[in-house]
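Report on the following structure.
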Amino acid sequence: MSPTLPPVRTRLTDLAEQAGVSTATVSRVLNGKHGVSTQARQAVLAALDVLGYERPEKLRTRSAGLVGLVVPELSNPVFPAFAQVIESMLTERGYTPLLCTQSPGGTTEDQYVDMLLEHGVAGIVFVSGLHADSSASKDRYHRLRSSGMPVVLVNGFAEGVDAPSVSTDDVAALDLAFRHLVSLGHRSIGLAIGPDRFVPAARKRAEFTATLERHLGISDPTGHVVSTLFTVEGGQAAALELIETGHTAIICGSDLMALGAIRAARSRGLSVPEDLSVVGFDDSPLIAFTDPPLTTVRQPVLAMGHAAVSALVAEISGTPASRIELKFHPELIVRASTGAAPHVADLAAHAAAAPVAP
């Protein structure tokens, strides 16, 4: 049950302070009046929710329809970040999101789609779903489109699927990380990446190969790339292999993998960034508070979520959105997990002499 509202004057003051707007603006929003920007209105609504007040009846608008949002498991913090942004923007547009999260051995993407169709959704947003797996059949998406269901794909371009596609520019992301490490004096740089069947991983790997030759004159990436899982354990296993071959810096395919790489370095008695520099990918929530704070390539989640929702709403309204993949430029966030390159010989000797942690 929602708490009883305090006296109006106190409520307006509290809401105005929380939302960062004037009490007059709060009053206009609560009374459903025009002349308030969308941003200010959302700030007041958010303040109502944060302070635990029930929204006035006049602010409870009728839903324009249900929209399915299918995301992978939520153990990787970047997926809840995408879900939160997309859900918020769908709500702003008047739609009610139905969140479907996958987990190993749980409900599959196809089962979720069947459920969403039974609920009569107006459209579906897929984030890093089977569309990103080059080995998976795309027939499921063709069937949805042939039935007229609006679909938007996020992170993982699916060639031939008649749907808008929104992605982070993986080529730019890899280049940003590589240039940063080269600028710090690193010449032995490794890549810890997920399976090649995933489009983002394949794109990063291809750019890493090209960048090795372009910047360091290394034409054969063998020994410099380790494919594993997009998990802490996967990152740790890949990093151990790259450390043993004398790499002084590792670019990882996710922040979770980067945390695993840091764990691997410590298990070998190495310090980050003094002995080994580590770069992640995503800039997941709370990643700035790791030890050390992680240098990473930030996905533009807010901009991508806005583009995905805008494309879906256009499709629902009967206005076809562009089928050209929208690639969003990422941002390098430099923190404390990267530093000047150590002497390679000293690093190799240090790693060889260090006891293996249990």
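Structure above, values below:
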| item | result |
| --- | --- |
| Of all residues making up segment 276-302, the number that are on the phi < 0 side of the Ramachandran plot and either in contact with a Ser or Thr (Cβ under 6 Å, 6 or more places away or on another chain) or in a helix (DSSP H, G or I) (or both) | 14 |
| Members of segment 237-248 that are over 16 Å from Lys204 (Cα atoms) and either in contact (Cβ under 8 Å) with a residue 60 or more places away in the chain or buried (at least 22 other Cβ atoms within 10 Å of the Cβ) (or both) | Ala239, Leu242, Ile243, Glu244, Gly246, His247, Thr248 |
| Count - residues of segment 194-204 that are out of contact with any Asp or Glu (no Cβ under 6 Å at 6 or more places or on another chain) and surrounded by fewer than 20 Cβ atoms within 10 Å (Cβ to Cβ) | 2 |
| Single residue of Ser135, Ser147, Ser88 found to be farther than 28 Å from Arg298 by Cα and polar (S, T, N, Q) | Ser147 |
| Qualifying residue in segment 3-11 (condition: surrounded by fewer than 18 Cβ atoms within 10 Å (Cβ to Cβ) and modelled with pLDDT of 85 or more) | no |
| Where a residue in segment 249-268 is without any contact (Cβ under 8 Å) to a residue 40 or more places away in the chain and its partner, wherever it lies, is part of a loop (DSSP other than H, G, I, E, B), with Cβ under 6 Å and at least six apart | Ala265/Val272; Ala265/Leu276 |
| Count of segment 64-85 residues which are assigned to a strand (DSSP E or B) and more than 18 Å from Glu315 (Cα to Cα) | 1 |
| Enumeration of residues in segment 320-358 that are modelled with pLDDT under 95 and β-branched (Val, Ile, Thr) | Val344, Val356 |
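The values are calculated or read from the model by the stated rules, or taken from the named source; none is laboratory data. Please read all numbers here as calculations on a predicted model, not as lab measurements. Virtual Cβ from ideal backbone geometry, glycine too; neighbours counted across all protein chains shown.
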